[in-house]
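Beneath this line is the structure, given in structure tokens, with notes to follow.
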Amino acid sequence: MKEWMGKIRNLSLFTLMLLLLSACGKDNLTALVPKGYGAEESLRVIIITITVMIVVFVVVMAIFVYVLMKFRQKKGQENMIPKQTEGNKTLEIVWTVIPILLLIIIAVPTIAVTYNLADETEKEDSININVTGKQFWWHFEYPEEEIQTSQDLYIPVGQKVYLNMLSSDVIHSFWVPALSGKMDVNPDNENTMFIEAYEEGVYWGKCAEFCGDSHSLMDFKIVVVSQEEYDQWVADMQNVDPEFVPESTTAQEGKALFEDSCLSCHAVGNTPSVGPNLSNFGDRTMIAGVLEHSEEELVEWILDPASKKPGNGMLDAPYLQDDSVSEEDAEKIAEYLLQLKASEINPDSAE
Ligand code: HEC
Ligand SMILES: [Cu+2]
């Protein structure tokens, strides 16, 4: 008996641990604790739908168990045929009307919420951002502000922000569960979705449509900040100086190496590029969406991006084919890239 209770206790501890660990790190990767308009509305629909399903389940199960008990074959009645009910109008009407009513209860809020989420009446006067999904990263362009960036999408709190979304290769799906629902990102027709965040914070996003080798690593963030911080960020991004010369000689050498081996795909400043735009890269939350933002990880990324994100677009880099960037070079480049910060480039503009 004691042993049996111990097992139950271990099992519950194990379950609790699983629950806690599953939330580690990506703690707001959940649709159940909404921090934005889209997520809140979606959760309402989820709760209504699940409630209806639970009611149906409980009622059906109760009737099922009752019928099992009541109509069991009894001794001496083995050959009895129960009363037949086919063609019973009342029963037919009851089990047709009840599901129709339940479907109406689910359909009305679902359709209302779907239309609310597709509302574009404020699009003209709001911040518009062009989002492009690429294997396996996200490009963000603020056309009005003339800013380009990747992986970290900055938006102000409490404002509708419209995302105009396309893919440059296969279908991806843009999903930040705490802020909004999923939206497919297609190669040829643009989809629009708005996001309105209620609380400042860094919200974790994922690609939610299988898109290749590193699909599961196609993570990104929405960084929600106050209006003042947002304005400051915009100003800092607009003031990015591609010609910025770092102080230390090693970082200066890193800059030269970067220009030789990396600038064919990357860009600093408002210039189009095949790979991620690295303006103010030093201020980012992560590297390539999934790696810790540290010099060590950056060096590893430069030397062997395949080990971090299989099949990604950087593997075509010529320096990886001819091994022209040594570990020492990578360290210099990393030092330079991490100095691409608003506070380094424009000391006056930093808070
Ligand atoms: C062939 C084009 C190409 C070349 C050349 C190239 N990269 Fe990349 N780089 C990419 C692509 C594409 C990605 C996005 C990878 C992903 O996340 O899927 C990337 C990602 C990155 C990232 C992460 C960016 C982010 O938004 O977090 C850094 C940092 C980076 N590259 C640095 C370098 C450095 C340093 C060099 C030169 C030594 C270099 N790259 C050369 C294409 C290139
Ligand atoms: Cu994807």
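Listed values, structure above:
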{"item": "Residue, farthest from Arg284 (Cα to Cα), within the stretch 109-150, restricted to residues that are part of a loop (DSSP other than H, G, I, E, B) and within 14 Å of ligand 1 (Cβ to nearest atom)", "result": "Gln135"}
{"item": "Test: residue in the stretch 64-82 that is within 24 Å of the chain's Cα centre (by Cα), of a type in the set (Phe, Trp, Tyr) and modelled with pLDDT under 95", "result": "no"}
{"item": "Candidates Leu153, Leu91, Leu102, Leu117 - the one that is under 22 Å from Met237 (Cβ atoms) and not small (Gly, Ala, Ser)", "result": "Leu153"}
{"item": "Members of the stretch 205-248 found to be part of a helix (DSSP H, G or I), open to solvent by 40 Å² or more (accessible area, probe 1.4 Å) and more than 15 Å from ligand 2 (Cβ to nearest atom), listed by number", "result": "Gln227, Glu228, Glu229, Asp231, Gln232, Gln238"}
{"item": "Count - residues of the stretch 302-351 that are under 31 Å from the mean Cα position of the chain (by Cα), open to solvent by less than 30 Å² (accessible area, probe 1.4 Å) and closer than 27 Å to Lys134 by Cα", "result": "12"}
{"item": "Which listed residue, of Val202, Val274, is over 19 Å from Glu144 (Cα atoms), among the β-branched types (Val, Ile, Thr), outside any strand (DSSP E or B) and within 16 Å of ligand 1 (Cβ to nearest atom)", "result": "Val274"}
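The values are calculated or read from the model by the stated rules, or taken from the named source; none is laboratory data. Computed from a prediction, not measured in an experiment: that's the story for all the values here. Because the Cβ atoms are built from the backbone with ideal geometry, glycine has one as well, and the counts that use them run over all protein chains shown. Ligands, DNA and RNA are stripped out before the accessible areas are found, and what is left, the full protein with its side chains, is counted by its heavy atoms. Shrake-Rupley method; radii C 1.70, N 1.55, O 1.52, S 1.80 Å.
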